[in-house]
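Asks: Below is a structure I'd like to ask you about.
Laboratory data are not the source of any read-out in this text; all were calculated from the coordinates shown. Fair warning: this is a prediction, and the values are worked out from it, not measured in the lab. Don't worry about glycine lacking a Cβ; one is built from the backbone with ideal geometry, like all the others, and counts go over all protein chains shown.
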Amino acid sequence: MTGTPAPSGTGVAVTRPYRPCVGIALFNLRGLVWVGQRAEWDRPAWQMPQGGIDPGETPAAAARRELHEEIGLLDAEILAEAPDWYSYDFPRGVKRGRHRGQTQRWFAMLHRGGDDAFDLAAHHAPEFSEWRWVSLGEAVALVVPFKQPVYAAVAEAFADLPAAIRDGAFRKALPDSG
C-alpha cells in the first residue's frame, strides 16, 4: 500500500503512498447499487460510498462506519468482499494531500429497507447532493474517468450478485412457526 522508493542516487523523490480506503457497492433487493453525486463538484461526479480506514480499524468496520457517516445508513449486511485491493492515482487538479491516490478494499453490502433509511447529512456537511439506484454497469459509466478502471474491476468482482439478489439467494430465513 505504500509507494515504491526511487532507485538510490537518481534524485527522484520517493513516491507518495496510497491512502488505504474502503468502497461499498450497496445493493438493494432489486440488485441495483447506490450512487451519489459528489456535493462539492459542479459537474457530474457520481460514486458509490467510500472512505478512509482509520488506524487500528478493519476494512469491514470502516465500510460500516463510512455508510453511516456518508449516507446515514445503519442496516446493511456484508455479502462479499472483493478479492483484491484496487488502486487509482489522483489526476492533476484533484486535491491530493500527502497521498498519490487511493487503494481500496471493496465490499458488496445489501440494504433490505426502504429509501427513507438514507440521511445524507447524518454526521457532517453532506458529501453527496443527491443519490439514486443504478445497475453496476451504469455506476462504472457515471464515475469520473480516473476511477473507472477500479469501478470496472469492482463490477467484475460482484457481477453475479445482482441476479442472485433478485432471485432471492439472500432472503432471510423465516423462523419456524411450529
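Asks: If you plug each phi of segment 68-76 into the Karplus form 6.51 cos²θ - 1.76 cosθ + 1.60 with θ = phi - 60°, what whole-Hz ³J(HN,Hα) values come out, in order, with x for Gly and Pro?
Replies: In residue order, the calculated couplings are 5, 5, 7, 10, x, 8, 10, 10, 9 Hz.
Asks: Quick check on segment 65-108: take the gyration tensor over C-alpha atoms, sort the square-rooted eigenvalues as a ≥ b ≥ c, and tell me if it's rounded (a/c under 1.5), prolate or oblate.
Replies: oblate
Asks: Sort the following peptides by mean Cβ neighbour count (other Cβ atoms within 10 Å, averaged over residues), highest first: 46-53, 154-161.
Replies: Put in order of decreasing packing, that is 46-53, 154-161.
Asks: Take each of the peptides 141-149, 60-68, average the number of other beta-carbon atoms within 10 Å over its residues, and list them starting from the highest.
Replies: Peptide ranking by packing, descending: 60-68, 141-149.
Asks: A further question on this structure: Write down the radius of gyration of the chain and its Dmax, each obtained from C-alpha positions, in Å.
Replies: Radius of gyration, then largest Cα-Cα span, for the chain: 17.7, 76 Å.
Asks: Return the FRET efficiency for the residue pair Ser135, Asp42: r is the Cβ-Cβ distance, R0 is 22 Å, and the value is rounded to the nearest 0.05.
Replies: With a Förster radius of 22 Å, E is 0.30.
Asks: A further question follows. Among 78-91, 20-33, how do they line up from the highest to the lowest mean number of other beta-carbon atoms within 10 Å?
Replies: Averaged packing, sorted descending, gives the order 20-33, 78-91.
Asks: Next question, about the same structure. If R0 is 41 Å, what FRET efficiency do you get for Asp119 and Glu156 from their C-beta distance, rounded to 0.05?
Replies: Rounded to the nearest 0.05, the efficiency is 0.85.
Asks: In whole Hz and in residue order, list the ³J(HN,Hα) couplings for segment 106-120 that follow from phi through the Karplus curve 6.51 cos²θ - 1.76 cosθ + 1.60, θ = phi - 60°; x for Gly and Pro.
Replies: Result, ordered by residue: 9, 10, 8, 10, 10, 10, 8, x, x, 5, 6, 6, 8, 9, 5 Hz.
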